[in-house]
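Structure first, commentary second.
The values are calculated or read from the model by the stated rules, or taken from the named source; none is laboratory data. The structure displayed is predicted, hence computed values, not measured ones. All Cβ positions, glycine included, derive from the backbone under ideal geometry; neighbour counts span all protein chains shown.
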Amino acid sequence: MQKKQTISTVDLSTYLTLTAFNQESDHRIILQINNEIVWEKTLQKNVTHSLKIFNNFPFQKTKPNTLMITWDGDQDCENKFLKIFKLIINDQHIAPHSVIIDPVENQYIKMLKTTEKGRIEYKEKLLYPGHQHGWYGDYKFCFSVDRRHSGRFALGIRDELIYSDVKQAILSKKKAKRI
């Protein structure tokens, strides 16, 4: 008889700030944690929306976690953006530039991929995204809670480590500074 493995979870305060704009159509932001929708909002066209999401969400302690922002809209246009300013989980900062982007392949991206220069530009934007984005798609942050080694490494970005005990996070940062 197989023993059913239980997944240990912990509720952690999560704070996310972002800004979104689309000049020509309504658009949506969906926030998922480990493939479960925890927040969503439809945004009006031609309005800059500053969003602050603050809530306690459950995260897994025995498996890697993903926090994914899905941005899409009724129609694509050139004058749109998503800016991810801050992601803080349990008082620990995850750098916005550590995001892994999976863009919706629109006409512009298809055109970029037709030339060597365009493919390089596309790859650079995926590998070094900064905090401002112009493509609809999925924006994923990967991290572990209380696990020292996750073993995951994607696109040169290691999973972040979040401690459920903030005191442990402070001690870890002090140790890292001494090394």
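Table for the structure above
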item	result
Unique residue being farther than 20 Å from Leu161 by Cα, surrounded by fewer than 15 Cβ atoms within 10 Å (Cβ to Cβ) and modelled with pLDDT of 95 or more when the list is Lys41, Lys4, Lys86, Lys113	Lys41
Region 89-110: number of residues that are charged (D, E, K, R) and either surrounded by 14 or more Cβ atoms within 10 Å (Cβ to Cβ) or touching a residue at least 24 places away in the same chain (Cβ under 8 Å) (or both)	2
Some residue of region 47-61 being surrounded by 15 or more Cβ atoms within 10 Å (Cβ to Cβ), touching a residue at least 60 places away in the same chain (Cβ under 8 Å) and not in a loop (DSSP other than H, G, I, E, B)	yes
Residue, farthest from Glu160 (Cα to Cα), within region 116-133, restricted to residues that are surrounded by 16 or more Cβ atoms within 10 Å (Cβ to Cβ) and at pLDDT 90 or above	Tyr122
Out of Thr19, Thr9, sole residue that is within 21 Å of Asp146 (Cα to Cα) and either at pLDDT below 95 or touching a Ser or Thr at 6+ places or on another chain (Cβ under 9 Å) (or both)	Thr9
Odd one out for Asp76, checked against (1) closer than 30 Å to Glu124 by Cα; (2) surrounded by 15 or more Cβ atoms within 10 Å (Cβ to Cβ); (3) of a type outside the set (A, V, I, L, M); (4) at pLDDT 95 or above	(4)
Residue satisfying condition, being at negative phi, in contact with a strand residue (DSSP E or B) (Cβ under 7 Å, 6 or more places away or on another chain), at pLDDT below 85 and not small (Gly, Ala, Ser), within set Arg152, Arg158	Arg152
